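Notes for the one structure printed next.
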């Protein structure tokens, strides 16, 4: 990003901080002014670290109260993190793996194509020799299902999704071992990656510096409510209360 973009972001950040009462922009000259606060204790290194080179902060929290500190403490670290994450997540290997997942979809024109699934199979240590024969049998199985469904209406026909073909192949998992294993990975991989990223945002809001003492069970339950907020908002509070009453019949507090 250019310096103009940095200036715009810095101005918007200062404006938001000013509207929230975090800093005061009324200082002559347009510069921000930190609100007066009580003098805090000067933090020092522990005795065991006196003879060591400390690369991390030991409690001091630098304030981004001007454009220079905002660039050093917020803007540049954030851009470095974004660029490194984009490079790691969208490199050639990761993109090839995600593209190869469609090879296991029975509706795809590249279904059971060994060349199209090679990157995905190698990334998860599949036996390429066995996989070649299993893909051939999977392709023949789709053709037989398509032919049988035309002659017999009781036959369901070819599965129309990745989950459907994995469910169908599960009964032949011993014969089509690698196909079944790669199919299970293909079903879970996109969902697990997205859910893992979404979990960090609610955890940062739940466990803060003020509320940092919490049992694992409570943290796990509250995190599920925060991650699945759309499903929670769609639930009826009356139904939740009724379920709680049924599960805890010995409660002395009347809820209804």
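Do the conditions hold for residue 120, that is, is it touching a residue at least 60 places away in the same chain (Cβ under 8 Å) and surrounded by 19 or more Cβ atoms within 10 Å (Cβ to Cβ)? Against the criterion (touching a residue at least 60 places away in the same chain (Cβ under 8 Å) and surrounded by 19 or more Cβ atoms within 10 Å (Cβ to Cβ)), residue 120 qualifies.
Scanning segment 210-227 for residues that are within 17 Å of residue 240 (Cβ to Cβ) and in contact with a helix residue (DSSP H, G or I) (Cβ under 6 Å, 6 or more places away or on another chain), we see that the one that is surrounded by the fewest Cβ atoms within 10 Å (Cβ to Cβ) is 225. Of the listed requirements (1) more than 25 Å from residue 163 (Cβ to Cβ); (2) surrounded by 15 or more Cβ atoms within 10 Å (Cβ to Cβ), residue 83 misses just one: (2).
Helices (runs of 4 or more DSSP H) fully within segment 83-164 that include at least 3 residues being at pLDDT 85 or above, under 19 Å from residue 178 (Cβ atoms) and out of contact with any helix residue (DSSP H, G or I) (no Cβ under 8 Å at 6 or more places or on another chain): 128-151.
The values are calculated or read from the model by the stated rules, or taken from the named source; none is laboratory data. Since the model is a prediction, treat every value here as computed from it, not as a measurement. In this analysis, Cβ positions are derived from the backbone assuming ideal geometry, glycine residues included, and neighbour counts consider all displayed protein chains.
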